[in-house]
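Peer 1: Here it is: the structure, laid out below.
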Amino acid sequence: MMVVAPLSARFVERLGTKRVVLTGLSLVVTGMLLLSTIASDSPYPIVIGYFMVMAAGMGMTMAPATEAVMGSLPRAKAGVGSAINDTTRQVGGALGVAVIGTIVSSVYSARILDLGAVFDLTSGQVAQAESSLGGAQSLAASLGDQADAFAAAASDGFVDALSIGLRIAAFAVAVAFVVAWKFLPSRAAEPAFEVIDLPDTASVQAPIDWEPLPTPVAGD
């Protein structure tokens with residue numbers, strides 16, 4: 001993101017805001033869909049590669065989208081535009097965390113409930129495993145011969161829940177892609193300025209008041 005975001009301005013100059021934003025959103029969708037395919041034993045370099053695809057898309061999207069908002073406003077409205085832009089971004093992030101996080105947590109809890117029946121866990125043990133993946137891993141250490149099997153199953157359940165959340169997030173970004181494709185202008189609109197006709201100063205001559213110099217006095 002740190003590499004691509006500064007370059008997005010050059011891309012906008014050559015290709016226009018709309019093309020750059022749509023390309024960035026498509027990369028975000030692609031990265032999320034790729035991340036939704038990972039397993040609990042996926043190699044770390046592959047996971048990082050998928051994250052890089054998503055981050056590159058975010059870097060190409062955020063700066064041009066902000067410029068499209070701010071560039072279409074007169075300077076006197078810059079503060080209002082910045083506040084509205086930040087507000088929508090914060091609200092969208094909070095809703096994304098709340099909605100998608102709730103879905104991921106619910107799916108993971110359902111997976112743990114199924115594992116509780118398979119591994120004959122008590123209600124307290126199920127609650128500990130449901131609290132987080134770390135709680136499930138801690139519980140696995142106390143299960144003796146079943147430790148490895150339960151830890152692997154809990155990890156698979158968490159990754160499955162995360163995959164569902166990523167697919168939902170990818171769908172939301174795809175909707176944003178359609179909205180941007182339909183309504184985002186190719187380039188940021190120029191702010192409207194009021195044209196004022198000024199008189200030709202070259203033809204205006206101001207009267208000159210001549211005052212006589214004071215008469216020199218002897219000794220000056």
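Peer 1: Run the quick spin-label model on Ala98 and Leu113: label points 7 Å from Cα toward the beta carbon, then report their separation in nm to one decimal.
Peer 2: Computed distance between label sites Ala98 and Leu113 equals 2.4 nm.
Peer 1: Now a separate question. Mind giving me the nanometre distance, one decimal, between the label points for Glu13 and Ile84, set 7 Å out from Cα along Cα→Cβ?
Peer 2: Simple spin-label model gives 2.9 nm for this pair.
Peer 1: When ranked by the protection proxy of mean other Cβ atoms within 10 Å per residue, highest first, what sequence do the peptides 128-140, 7-19 form?
Peer 2: By packing density, highest mean first, the sequence is 128-140, 7-19.
Peer 1: Limiting things to C-alpha atoms, what are the Rg and the maximum Cα-Cα separation (Dmax) for the stretch 37-78, in angstroms?
Peer 2: When restricted to Cα atoms, the stretch 37-78 yields Rg and Dmax of 17.4, 54 Å.
Peer 1: So if we plug the beta-carbon distance of Arg75 and Ser106 into 1/(1 + (r/R0)^6) with R0 = 41 Å, what FRET efficiency do we get, rounded to 0.05?
Peer 2: That gives a FRET efficiency of 0.30.
Peer 1: Keeping all protein chains in position, work out how much accessible area Met58 exposes to a 1.4 Å probe, and write it in Å² to the nearest 10.
Peer 2: It works out to around 70 Å².
Peer 1: Among rounded, prolate and oblate, which fits the stretch 1-92 when a ≥ b ≥ c are the square roots of the eigenvalues of its C-alpha gyration tensor, a/c under 1.5 means rounded, and a/b larger than b/c means prolate?
Peer 2: Judged from the Cα gyration tensor, the stretch 1-92 comes out prolate (a/c at least 1.5, a/b above b/c).
Peer 1: What nm value, rounded to one decimal, do you get for the distance between Asp148 and Met1 when each label is placed 7 Å out toward the C-beta?
Peer 2: The two pseudo-label positions are separated by 3.8 nm.
Peer 1: Skipping prolines and chain starts, which residues have an amide H placed within reach, meaning under 5 Å, of the one on Leu143, given they are 5 or more residues away or on another chain?
Peer 2: none
Peer 1: Continuing with the same structure: Calculate what fraction, in whole %, of the accessible area of the stretch 49-144 sits on carbon and sulfur atoms when a 1.4 Å probe is rolled over the protein chains.
Peer 2: Working: 3600 of 5350 Å².
Solvent-exposed carbon and sulfur of the stretch 49-144 make up 67 percent of the total.
Peer 1: To continue, here is another question. What is the packing order of peptides 88-94, 22-28, 106-112, taking the mean over residues of other C-beta atoms within 10 Å and listing the highest first?
Peer 2: Highest mean packing first, the order is 22-28, 106-112, 88-94.
Peer 1: Next question, about the same structure. In what order, largest first, do Met60, Met1 sit by accessible area if the probe radius is 1.4 Å? If you can, show how the numbers build up before the last one.
Peer 2: Working: Met60 25, Met1 100 Å².
These residues rank, largest area first, as Met1, Met60.
Peer 1: How do Phe183, Phe150 rank by accessible surface area computed with a 1.4 Å probe, from largest to smallest?
Peer 2: Phe183, Phe150
The values are calculated or read from the model by the stated rules, or taken from the named source; none is laboratory data. These numbers were taken from a predicted model, which means no experiment stands behind them. Please note: Cβ atoms are built from the backbone with ideal geometry, for glycine as well, and neighbour counts cover all protein chains shown. The area values use the complete protein model at the heavy-atom level, side chains included, leaving out ligands, DNA and RNA. Shrake-Rupley method; radii C 1.70, N 1.55, O 1.52, S 1.80 Å.
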